[in-house]
Amino acid sequence: MNMIKLEMMVGTFMLIGILCLGYVSIKLGKMEFGSGDFYAVTASFDSVSGLKPGARVEVAGVEVGKVDRIVLDKKSGDRALTYLKIKNGVNITDDVIASVRTSGIIGDKFIKLRPGGSDKMLKNNDIIHETESAIDIEELVSKFIHGKV
């Protein structure tokens, strides 16, 4: 009888440990289930070189969302569509300018949003019309070396 009781206690302890490990893994991995507290907006760029899904989206240096996914625009064929997830409660004007920026000299790419002066706010599935693509350092250096600046 004592052996069964001991096995039940060990099994319960192991189950609690596995659940705690799963919880910590999800929190540290920043995984989300369901739609979460975000709304989606889309921005179209000429180039998103170096930008990856999961990159942060900032307004005034404060993280307000993340890049959900990046795909090639099927209509134009030469532009990148970037789907952004913005936290609910963050109001972004419809004349916002989205630009791909680099944090530091060789840092990660992120999207910086500069709000405009409009009174209209973006809603779920709206489109950001004003964008600035990433600066391609290799292209600039190549132009400088070959005297095409």
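Annotations for the structure displayed:
- Within segment 17-98, the trypsin sites (Lys or Arg not before Pro) that combine a DSSP coil assignment with at most 12 other C-beta atoms in a 10 angstrom radius are Lys30, Lys74, Lys75.
- In the elastic network of the chain, a GNM with C-alpha springs shorter than 10 Å, the most mobile of Ala40, Ala60, Ala134 is Ala60.
- Cβ-placed point charges (K, R +1; D, E -1), dipole of the chain about Cα centre in debye, nearest 20: 280
- Build a GNM of the chain with springs between Cα atoms under 10 Å apart, and of Val48, Val24, Val96 the one that fluctuates most is Val24.
- Summarising the amide proton neighbourhood of Ala134: residues at separation of 5 or more, or on other chains, whose placed amide H is nearer than 5 Å comprise Ser47, Ser49, Val100.
- Prolate/oblate/rounded label for the chain (Cα gyration tensor, a/c 1.5): prolate
- If you run the Gaussian network model on the chain, springs between alpha carbon atoms under 10 Å, then out of Phe13, Phe110, Phe38 the most flexible one is Phe13.
- Percent of beta bridges antiparallel (DSSP, the chain, rounded to nearest 5): 75
Values quoted throughout were computed directly from the atomic coordinates according to the rules given, and no laboratory measurement underlies them. Predicted, not measured: the structure shown is a model, and the values here were computed from it. Ideal geometry is used to build each Cβ from the backbone, glycine not excepted, and the neighbour counts take in all protein chains shown.
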